[in-house]
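Notes follow once the structure below has been shown.
Nothing in this text is a laboratory measurement; each read-out follows from the coordinates by a stated rule. Predicted model, so just to flag it, every value in this text is computed and none were measured. Reconstructed Cβ throughout: ideal geometry from the backbone, glycine too, with neighbour counts over all protein chains shown.
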Amino acid sequence: EGADTESRDKYGRTILHLAAESSDVAVVRLLLDYGADMEAKDNRELTVLHSAVHNDHGEVQ
């Protein structure tokens, strides 16, 4: 058993959202390899890609 890649914070963000927001490409890739949902939306209906674009992290996009 590993960590739950779909657990959420109080804003509805997954760990993948947080990795994308912080531009941690290695963690983004690892989470995707372990089945994290790229289409997951937070409480504002923003996807992981929205989070990366909003924070101007082109390398994650």
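Helix-only arithmetic for the chain: the sum of -39500 (n - 2.57) across DSSP H runs with n ≥ 4, divided by the residue total, places the mean residue ellipticity at 222 nm at -10000 deg cm²/dmol.
Sorting the segments 36-47, 12-23 by their residues' average number of neighbouring beta-carbon atoms within 10 angstrom, most packed first, yields 12-23, 36-47.
Can you tell me how the chain classifies by the Cα gyration tensor, rounded, prolate or oblate, using a/c under 1.5 as the rounded cut? It comes out oblate by the Cα gyration axes.
The label point for Ser7 and the one for Glu21, both projected 7 Å from the Cα toward the Cβ, are 1.7 nm apart.
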